[in-house]
Every structure is written in structure tokens, then in C-alpha cells.
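Chemist: This structure is in C-alpha cells; I'll ask about it shortly.
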């Protein structure tokens, strides 16, 4: 979900406004994903590298996450969405951690869309942790590493979308993206909506997936 800051800069607005509009885009996309019957939607909300940003921007992002959980949880739970988190959200302080834990518990038995939020997440760190856990219990193989990833139990990653025109993965789902289709779009995240998701899925459906075969 890239481009919040540039969206705000283009309009001579504070970066925090861009992040606020980014939350509105999250709302649109989550609703559309549920309508389409997708199994899982993973959103990269806060990376391990994002701690390098200015303190006031980090504080604003944490505040937006709190407000999102408070304002959207009833709708998320009511629509059968199961919330999951990858990464280490315990680093965000007790108040936010408790909000997240409460949301996870409330939606744990839902059977609709798996809404996965990547929080304090970095894929290299995830792979290292998974390999260490695999080594602690037996031989290290691709299968044992995968079983210990944060995404264990989720469907395989089919399509990875990055907004804003940047063409890189930025430490996101590196292992899971091994055979995923990738789509890089020029739209800044605050402008991304249901129609853009529909178009992405249409392009995905038109691609031939060979998984290393001919």
C-alpha cells in the first residue's frame, strides 16, 4: 500500500492526511475483497524499517491503526472476516497490543475473508525466525521453514500488488512470492479502489501460471 506520502505532497497536505486517505482505501478494498469471496487479503501496514520514519509520523500511523480497529471492528466481525496479524505487534505498546489481541480473539472463529495485517513485519526477519524454529525441531527443509512462517495456515500467495509505480518488493512476503504473480500499478494507494482491485484480478486471471514448468 504505497504512495500515501506522495498523494499528500501532490496536494500540499501533511503526510498524515495521506495516511488517513490510505485508511479509506483499505476500507474500500477490504469490502470488495469480501464481496468477491477472496480467501485472503494481506496488507503491508507497518514494516520493521518504518521505525526509521519521524516520530510524529509513526505516532500518527499508530493512532490511525487504533481508530481503524475501533471504528471498523464491528463491520469486520459482522461480515465474517477473520483478522490475522503477521510480524510482531507487541512492539506497539500495551494499549494498541490489547486492541489488536481483542480483535484477533473476537474474529478467531469467523470463516470468511482472512484479513491479514502485516505489522512490524519484515520478510527477511520472518524467514530467519522460521528457519531457527525449524532447526530447533529437526531437519531444515523448504517444507519445515514454510510450516514456521508467520503465514502458516494461510492459502498460498497468488497475486502481489504494489501501488504507486514503485517496482520492488520492499521486504514483503519474499518467501511466499516465489511463484506468485506480481502486478505493479501507477495508482497511489489513497486512490486505489474496488475498480482497481477488479482490474488486477482480471489481469491475474488472464495470466498463464506454470510454476517452473513449460
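Chemist: Report the gain in length on full extension from residue 124 to residue 71: 0.36 nm times residue separation, minus Cα-Cα distance, nm rounded to one decimal.
Modeler: 15.8 nm is the gain from fully extending residue 124 to residue 71.
Chemist: Further question: Pulled fully out, how much extra length does the chain show between residue 183 and residue 59, if you take 0.36 nm times their separation in residues and subtract their Cα-Cα distance?
Modeler: Gain in length upon complete extension: 41.6 nm.
Chemist: Please order 62, 1, 182 by the number of other Cβ within 10 Å, starting at the fewest.
Modeler: 182, 62, 1
Chemist: Give me the distance in nm between label points sitting 7 Å out from Cα along the Cα-to-Cβ direction at residue 169 and residue 94, one decimal.
Modeler: Each label point is offset 7 Å from its Cα along the Cβ direction, giving 3.9 nm.
Chemist: Another one. Expressed as a whole number of Å, what is the distance separating the alpha-carbon centroids of the range 168-213 and the range 1-51?
Modeler: Taking the Cα centre of each part, the range 1-51 and the range 168-213 sit 16 Å apart.
Chemist: Further, regarding this structure: Based on the Cβ-Cβ distance of residue 52 and residue 146, what FRET efficiency does E = 1/(1 + (r/R0)^6) give at R0 = 35 Å, to the nearest 0.05?
Modeler: E between residue 52 and residue 146, to the nearest 0.05, is 0.75.
Chemist: Follow-up question, since we're still on this one. In percent, how large is the relative contact order of the range 127-180, given Cα pairs closer than 8 Å and 6 or more residues apart?
Modeler: 31
Coordinate-derived values only; no laboratory data. These numbers were taken from a predicted model, which means no experiment stands behind them. So basically every Cβ, Gly included, is an ideal-geometry build from the backbone, and we count neighbours across all protein chains shown.
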